[in-house]
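Note sheet for the following structure.
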Amino acid sequence: MDSLELKKNLLEWYQLHKRKLPWRGEADPYKILLSEVLLQQTRVEQAIPYYQRFLHQFPTLAALAQADQEDVLKAWQGCGYYARARNLHKLARQVVALGQPLPQTSIELRGLPGIGPYTAAAVASIAFGEPVAAVDGNVRRVLSRLYAWENPTPQQVQEAADTLMAELVYWGGEVNTPDGSLPGDWNQALMELGATVCTPHNPSCGACPVAPYCLGKSHPERYPAARARPQKSLEVVALVLQGPSGTYLELRQGRVLGGLWGVPMEEGPGALERLLARFRLEKAEPVGTVRHDFTHRKLNIQVYKAPYEAQENPEHRPLSRLDRKILKLVETESLRLL
């Protein structure tokens, strides 16, 4: 494999075909960090409006540090994986409290809340030019096909990415990049190739700039082999308590939805009885069913409602998509019965 020619082809392709995204070409490390945190679990087209909305409300790391967590979660509402927002808020407060800018190396960045190896490498390479390889799902797929690896280990993929990055830096003087940001461009080029050409299904091998060097191009969907992602199914009961003045909401705890507000829920046998006892109610009216998937859990939620003296307006609190689906079901059913 001619590594130098491969790198030239990919970098030239990237400069010609990269998507126009609001964070591309951005010099502000905070904005680059925000985009990478969003892209951890959110598709690009979905991330763009959240990126713009979040920056409108919190334009700097200092502004984010000064905000209340509830306001941060409200701005993140609907984007999911709320631990990202909570950790980003903690990170901002930690960095601003030290009176220093964001760290410039991947090792230092990994010491901040919510920053793992990929995000640290992406930010360090794009914002600060550190020659460190960033490996996400797209890069894993590209390298697996390039080397025809069916079941590569994380270490195997990382070592291959590190080798390519090291060779790139060695040959840097021979590779033409308009702004000289070689490590960041290279990482983004690999990710862009995986996102737009070397896709999981029906990859466009004919349009791939590195196809001549790809060992897996004859059977691309074989590499890498699909990984099983078991999901646990849970039976859950949600109780919507509403009165003329509002809806009863409570502050959620835990890693997934912690910091958000929502309706009371219980899982497992006797869930409805426990909810009724908790609010000293004799009965509740069944409304319908909501199904909602998290990464490793599938929820089948039986929704009930009952009259209750409550003051909360759900529009004023950060709610998860799950809770909005539940409240929408109750609203729709109530309108249907009018």
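Would you mention how many residues in region 133-164 are among the hydroxyl-bearing types (Ser, Thr, Tyr) and either in contact with a His (Cβ under 9 Å, 6 or more places away or on another chain) or not in a helix (DSSP H, G or I) (or both)?
2
Which condition number in (1) surrounded by 13 or more Cβ atoms within 10 Å (Cβ to Cβ); (2) under 23 Å from GLN77 (Cβ atoms) is the one that ASP293 fails?
Against the list (1) surrounded by 13 or more Cβ atoms within 10 Å (Cβ to Cβ); (2) under 23 Å from GLN77 (Cβ atoms), ASP293 comes up short only on (1).
Would you confirm, using the coordinates I've provided, whether PRO286 is over 22 Å from the mean Cα position of the chain (by Cα), in a strand (DSSP E or B) and not aliphatic (A, V, I, L, M)?
Judged against the criteria, PRO286 is a match.
In this structure, does GLN41 turn out to be of a type outside the set (D, E, K, R), in a loop (DSSP other than H, G, I, E, B), within 22 Å of TRP186 (Cα to Cα) and touching a residue at least 40 places away in the same chain (Cβ under 8 Å)?
Considered against the rule, which asks whether it is of a type outside the set (D, E, K, R), in a loop (DSSP other than H, G, I, E, B), within 22 Å of TRP186 (Cα to Cα) and touching a residue at least 40 places away in the same chain (Cβ under 8 Å), GLN41 comes out as yes.
Across region 25-49, what is the total count of residues that are basic (Lys, Arg) and at pLDDT 95 or above?
1
Could you identify the single residue in PRO113, PRO59 that is surrounded by fewer than 14 Cβ atoms within 10 Å (Cβ to Cβ), part of a loop (DSSP other than H, G, I, E, B), modelled with pLDDT of 95 or more and not aromatic (Phe, Trp, Tyr)?
Checking each option against the conditions leaves just PRO59.
What tally of residues in region 288-338 results from selecting those that are in contact with a helix residue (DSSP H, G or I) (Cβ under 8 Å, 6 or more places away or on another chain) and β-branched (Val, Ile, Thr)?
Number of matching residues: 3.
Considering only region 25-38, state which residues are of a type in the set (A, V, I, L, M) and assigned to a helix (DSSP H, G or I).
Answer for region 25-38, where residues must be of a type in the set (A, V, I, L, M) and assigned to a helix (DSSP H, G or I): ILE32, LEU33, LEU34, VAL37, LEU38.
How many of the residues in region 87-102 are surrounded by fewer than 20 Cβ atoms within 10 Å (Cβ to Cβ), modelled with pLDDT of 95 or more and not hydrophobic (A, V, I, L, M, F, W, C)?
Qualifying residue count, region 87-102: 4.
The rows are residues; the columns are (1) touching a helix residue (DSSP H, G or I) at 6+ places or on another chain (Cβ under 9 Å); (2) closer than 30 Å to ALA166 by Cβ; (3) in the same structural domain as THR199 (by TED's automatic domain parsing).
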{"site": "ALA27", "(1), (2), (3)": "yes, yes, yes"}
{"site": "GLU36", "(1), (2), (3)": "yes, yes, yes"}
{"site": "GLN41", "(1), (2), (3)": "yes, yes, yes"}
{"site": "PHE58", "(1), (2), (3)": "yes, no, yes"}
{"site": "ASP71", "(1), (2), (3)": "yes, no, yes"}
{"site": "TYR81", "(1), (2), (3)": "no, no, yes"}
{"site": "ASN87", "(1), (2), (3)": "yes, no, yes"}
{"site": "LEU109", "(1), (2), (3)": "yes, yes, yes"}
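The values are calculated or read from the model by the stated rules, or taken from the named source; none is laboratory data. Note that this is a predicted model, so its numbers are computed, not measured. For neighbour counting, all protein chains shown are included, and Cβ atoms are generated from backbone atoms with ideal geometry for every residue, glycine included.
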